[in-house]
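Here's the structure we're looking at; comments come further down.
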Amino acid sequence: MLPYSWADMKEEMAREAKKLRDIPTLGERAARESEEFLRQGEPEDENVLFQMAQATKKGGGIIITVPQHRFLWSYIDTFSYHKRRYTRKELVEKVERAGFKIIYATSFVSFLFPLMLVARLKQRRSKGHFDPLAEFRVSHFLNSALEKVMGAERAAIQMGFSFPIGGSLLLAGERNRR
């Protein structure tokens, strides 16, 4: 059982988001925490990125993960408090405008993307009750198999592969030294 309800978590996220709108006064911890604020796709994402750059030491960096591909938008995104799904081009441009040099960008959840797409399409067709935890109710065997697939993808990413498509984007950037 989760220690918080979703309503409690949403309220706490709103309080934290207010703090993160003024990142430079909060220091590096806030810069790290603001990645979650960005992941939610807040309308002020460019301002948050700019403030992340202000809070990051020259030569320091950021690692960001965000939902990818607008056509995957679903109830799960709404349930997760996402405001948008990004394209790689959009995220790269915003991060560069904020003052970071892109070191690495890749999609992830790429190997499982076909399953994710089928799940989203099935969800759109169902007119009934939305169960946000349904995707997590899988047998131990299936969960282990999917874990192994994700492990293979993680190994490929660690070797430097960059995937063009996936459920999420991973981006590493270094603050420009100017």
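FYI, it's all coordinate maths here, none of it is from the lab. Just so we're clear, the structure is a prediction, and the values are computed from it rather than from any experiment. Neighbour counts are summed over all protein chains in view; Cβ atoms, including those assigned to glycine, are modelled from backbone coordinates with ideal geometry.
Couple of notes before you dig in:
- In this structure the amide hydrogen of LEU169, modeled in the peptide plane, comes within under 5 Å of the amide hydrogens of VAL66, GLN68, PHE108, none closer than 5 places in sequence on its chain.
- Two-site label geometry, MET150 and HIS129: point separation in nm, points 7 Å out along Cα→Cβ: 2.7 nm
- Cβ-to-Cβ counts within 10 Å put SER144, SER74 in ascending order as SER144, SER74, the fewest first.
- Pairs of lysine residues in the stretch 45-178 that meet both criteria, 8 or more places apart or on different chains and Cα atoms under 21 Å apart, total 6.
- Listing THR56, THR78 from fewest to most neighbouring C-beta atoms within 10 Å gives THR78, THR56.
- Each residue in HIS69, HIS140 was given a count of other beta-carbon atoms within 10 angstrom of its own, and listing them fewest first yields HIS140, HIS69.
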